[in-house]
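Okay, so here's the structure we're looking at.
Each value in this text was obtained by applying a stated rule to the coordinates, not by laboratory testing. Please read all numbers here as calculations on a predicted model, not as lab measurements. Cβ sites come from the backbone with ideal geometry, for glycine too, and all protein chains shown count toward neighbours.
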Amino acid sequence: MSDQVSPLAPDSFPEMPVVAGVRTASVAAGIKYKNRNDVLLVELAEGTTVAGVLTRSTTPGAPVAWCREILPKGSGRGLVVNSGNANVFTGAAGAAAVRETASAAAALLSCSPDEIYVASTGVIGEILAHEKITAKLPDAVGALSASDWDGAANAIRTTDTFAKGASATAEIGGKTVTIAGIAKGSGMVQPNMATMLSFVFTDAAIPAGLLQALLPPLADRTFNSITVDSDTSTSDTLLLFATGKAGNAPPSGIEDAALDGFKQALESVLRELAILVVRDGEGATKFIEVRVSGAESDASARKIALAIANSPLVKTAIAGEDANWGRVVMAVGKSEQPIDVSKIRIGFGGIDIAVGGMRDPNYDEAPVAAHLKGQEIGIDVDVGIGSGRSTVWTCDLTHGYISINADYRS
């Protein structure tokens, strides 16, 4: 966790609503960090349903394995998250740490251990001293609050420079429902399901199966459309909890029109959280939106957009405010996706640079250079063969990224 806040950070943590059936508390367990809260406990009302998407990494952490095992049950009464130690690549000791943590929380919240979700973030390969967590859980229960979202978001930070939160409201069947979420992430970010850690809560009444059907496509358009450094975390976890306290009639299915407003509101929360992760990219000074159109399919457009967004040459050019659009041409080509070279169009900040497969004869670099001096950078590419499109969000690559990661374990 850095003392120097990202220049792309919002001015402050947002005002967040109470979500009926959700209480949070954060405590200091001293897992890695001194003089800061590093454990989050969330208490969920009886009857809460759960959905989730988890990392596709083949070296997942013990908490990911635990969540994957209990998710089919579809119910949750609690969540425990620690920062400072990822509990990844820790063998039987890691699995035992998760079980002991879940059992301790379950005893305090009067539920079954398989209703307690667990997540960890931090250094990989070090044994987690779970007894430090379980010793502090009684204090956390005593401090549970319905409104301390800022404290919750701060407790799960690692190299993050600011806490991340977002909320929205919608209607289901004439009842107002509330959505609030937090996230953490700054490096090791190219999610292959969600983001490093994100927890979203709603008071809507939605059956677990329907909640699970809703989440993956929304994650694809939000968390799976960001990248800081192309590295997929071993701990990626996105969990969505629905307490049912809003009192709405449960929707009948994924196509129920009563869900339309909720889907839009949930996607807006997920997108805002995902973009905040990019705005906190390690060492970032510029936020970049890559928009690809004219592709064979949306999936193809996304591959092209990620090739651009992940290119160290593109990212360092933008960090240096250099309008080197040839690097975008390179990145499009390395994606190996179908394109029509003779129809490619490239623009920065809404200004055409290349048209018809070559530099625009009217191109003037001065306004592009001016655009690159700002913090919000737009790259548009049309590859000229279809209607597929995709938007990906990323950040520039500076020496700050090297400094943060060279010293990460110290």
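When only DSSP loop residues count, what GluC sites (Glu not before Pro) in segment 309-410 have their Cβ near at most 13 other Cβ atoms within 10 Å?
When the GluC sites (Glu not before Pro) of segment 309-410 are filtered for loop state and at most 13 Cβ neighbours within 10 Å, E336 remain.
Can you work out ³J(HN,Hα) from phi for every residue in segment 130-136, in order, using Karplus 6.51 cos²θ - 1.76 cosθ + 1.60 and θ = phi - 60°, giving whole Hz and x for Gly and Pro?
Values per residue, Gly and Pro as x: 5, 5, 5, 6, 4, 5, 9 Hz.
First check a/c for segment 287-406, with a ≥ b ≥ c the square roots of the eigenvalues of its C-alpha gyration tensor; if it is under 1.5, answer rounded, and if not, answer prolate when a/b is larger than b/c or oblate otherwise. It would help to have the intermediate numbers written out before the result.
On the way: a/c = 2.05, a/b = 1.28, b/c = 1.61.
Here segment 287-406 falls in the oblate category.
Hey, what do the phi angles of segment 245-257 turn into as Karplus ³J(HN,Hα) couplings, whole Hz, using 6.51/-1.76/1.60 and θ = phi - 60°, x for Gly and Pro?
6, 6, x, 6, 6, x, x, 7, x, 4, 8, 4, 4
Which trypsin sites (Lys or Arg not before Pro) in segment 37-135 pass both tests, a DSSP loop state and at most 14 other beta-carbon atoms within 10 Å?
Passing both the DSSP loop test and the Cβ count: R56.
In segment 253-288, what GluC sites (Glu not before Pro) fall in a loop by DSSP, with at most 16 other Cβ atoms inside 10 Å?
Passing both the DSSP loop test and the Cβ count: E255.
For H371, H399, H130, what ranking results if the residue with the fewest other Cβ atoms within 10 Å of its Cβ goes first?
H399, H371, H130
So what is the relative contact order for segment 22-279, in percent, with contacts set as C-alpha pairs under 8 Å and at least six apart? Before the final figure, lay out each step's value.
On the way: 671 pairs, mean separation 61.6, N = 258.
Relative contact order comes out at 24 percent.
Using a 10 Å cut-off on Cβ atoms, rank the peptides 184-191, 229-236 from the highest mean neighbour count down.
Peptide ranking by packing, descending: 184-191, 229-236.
Given the Cα-Cα distance of A366 and E69 and 0.36 nm per residue of separation, how much length would full extension add, in nm?
My answer for the length gained is 101.3 nm.
Is the shape of segment 22-279 best called rounded, prolate or oblate, per the rule: a/c under 1.5 gives rounded, else a/b larger than b/c gives prolate, else oblate, with a ≥ b ≥ c the square roots of the Cα gyration tensor eigenvalues?
It is prolate, given that a/c is not under 1.5 and a/b is the larger ratio.
Report ³J(HN,Hα) in whole Hz for each residue of segment 173-185, in order, from the Karplus equation J = 6.51 cos²θ - 1.76 cosθ + 1.60 where θ = phi - 60°; Gly and Pro get x.
Once rounded to whole Hz, the list reads x, x, 9, 6, 10, 10, 10, 9, x, 10, 8, 9, x.
Run the numbers on segment 287-406 and let me know its relative contact order in percent, using alpha-carbon pairs under 8 Å that are six or more apart.
47 percent
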